[in-house]
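> Okay, here's the structure, questions in a sec.
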Amino acid sequence: MENRKLRSAIIGCGNIFPMHAVPVSKNPYTQLTAVCDIKPERAQSAAHRFSCRGYTDYKRMLDEERPDVVHICTPHYLHAPLACYAMQQGCHVLTEKPMAIKLKDARRMLDTAESTGKTLGVIFQNRYNAGSQLIRQCLDSGELGQVQAGRLLLTWNRSSEYYSQSDWKGTWEKEGGGVVIDQAIHTLDLMRWFFGKPVVQVKASLSNWTHPNILVEDTAEGRIEFEGGAYCAFYVMNHFCVDEAVRLELFCERGKAVMEGPKATVSLYNGRTYIADNDPSQVFEYGDVKQYWGTSHVKQINNFYDSILGRGAMYIRAEDAFHTQELICAIYHEGCAHFARGNT
């Protein structure tokens with residue numbers, strides 16, 4: 001078990017940056033030594049806030065700083081090339097979701113981690129939410145029995161300005177899609193994690209009904225079938241009037257589990273009921289960030305560092321994140337065949 005502090009660097013100082021920088025700066029086993037962003041003013045602002053060095057060239061940063069760990073908080077299309085380069089330079093890597101845009105790039109990330117012996121992690125922080133943990137425990141204990149069917153509903157709002165103010169969102173080549181790969185990916189990951197079996201078939205349709213300024217989907221629906229016959233129906237869209245709480249339901253042999261946002265209720269057919277929600281007293285202050293990201297980034301980030309230091313096993317392994325990437329890519333493969341642009 002190592003006792004030294006790990007030197008950390010972050011590439012990308014945009015909206016999600018504080019969700020990584022604050023936990024790293026407060027972890028007793030880490031030291032944030034450098035940050036990087038192609039926008040000089042953003043890099044310098046982040047460097048000043050966290051009393052570290054700022055760069056606009058990530059290769060120069062890695063060469064001069066020689067960090068132990070690199071966090072990747074960039075647009076989606078950069079996750080794979082940056083992760084592979086950093087691992088080849090001797091760094092462990094923790095990247096924001098999605099793992100990549102294309103499945104072959106996600107596979108290359110796994111192969112690079114194996115060949116370099118470096119640890120690769122992918123952020124799916126909602127697995128740490130109290131409701132997620134309750135459902136996982138009831139499935140692992142056998143109280144719920146096998147999952148037979150599920151349904152997933154996400155109705156959020158992303159305005160035209162949300163896309164027009166970004167130079168990468170709403171594009172196939174940089175974001176990799178729309179509501180599926182950006183907003184719904186966390187809930188699809190939870191659903192796949194709960195079912196706990198390989199996906200054998202995906203049927204999906206994609207549409208763009210209300211965003212004429214983008215080429216990707218703002219609506220998706222379909223059916224995901226798992227080994228053994230269980231299945232999940234899903235409907236996700238980002239043109240609702242508000243960001244309503246995500247709803248995920250599991251219909252199991254011995255009961256039903258319902259998750260709304262971070263809260264879960266497990267109702268067993270024997271009359272027993274369990275309820276879990278995030279504890280407001282345990283809120284971690286990241287600063288001025290979006291509330292729907294939740295507070296669980298710090299839990300996954302701390303676990304990532306603990307695993308590197310030999311203080312525990314990594315809870316969300318890159319191989320597991322790869323299976324979620326497979327699901328996302330399958331939805332796009334099936335859905336894009338008949339992609340409907342309702343605004344044209």
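> Determine which member of the set Arg49, Arg4 is over 25 Å from Gln125 (Cα atoms) and basic (Lys, Arg).
Details: Arg49 fails: over 25 Å from Gln125 (Cα atoms).
The conditions single out Arg4.
> A further question on this structure: What's the total number of residues in the range 15-52 that are over 24 Å from Arg311 (Cβ atoms), touching a residue at least 40 places away in the same chain (Cβ under 8 Å) and either in contact with a Ser or Thr (Cβ under 8 Å, 6 or more places away or on another chain) or aliphatic (A, V, I, L, M) (or both)?
1
Conditions (1) among the hydrophobic types (A, V, I, L, M, F, W, C); (2) surrounded by 15 or more Cβ atoms within 10 Å (Cβ to Cβ), marked per residue:
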site: Lys59; (1), (2): no, no
site: Asp63; (1), (2): no, no
site: Gly90; (1), (2): no, no
site: Ala100; (1), (2): yes, yes
site: Gly117; (1), (2): no, no
site: Ser132; (1), (2): no, yes
site: Glu143; (1), (2): no, yes
site: Val147; (1), (2): yes, yes
site: Trp172; (1), (2): yes, yes
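> Just to confirm my filter: which helices (runs of 4 or more DSSP H) fall fully inside the range 1-69 and include at least 1 residues that are at pLDDT 95 or above and among the small types (Gly, Ala, Ser)?
17-26, 40-49
> Oh, and also: Name the residue, out of Lys174, Lys97, Lys169, Lys197, that is over 19 Å from the mean Cα position of the chain (by Cα), among the basic types (Lys, Arg), modelled with pLDDT of 95 or more and assigned to a loop (DSSP other than H, G, I, E, B).
The unique qualifying residue is Lys197.
> Would you be able to tell me the number of residues in the range 240-274 that are among the β-branched types (Val, Ile, Thr) and under 19 Å from Phe195 (Cβ atoms)?
4
> Moving on to the next point. Going through the range 129-160 one residue at a time, which ones are out of contact with any Asp or Glu (no Cβ under 8 Å at 6 or more places or on another chain), under 17 Å from Tyr231 (Cβ atoms) and either outside any strand (DSSP E or B) or modelled with pLDDT under 95 (or both)?
Within the range 129-160, just Leu139 meets the criteria.
The values are calculated or read from the model by the stated rules, or taken from the named source; none is laboratory data. These numbers were taken from a predicted model, which means no experiment stands behind them. Heads up, the Cβs are rebuilt from the backbone with ideal geometry, glycines too, and the neighbour counts pull from every protein chain shown.
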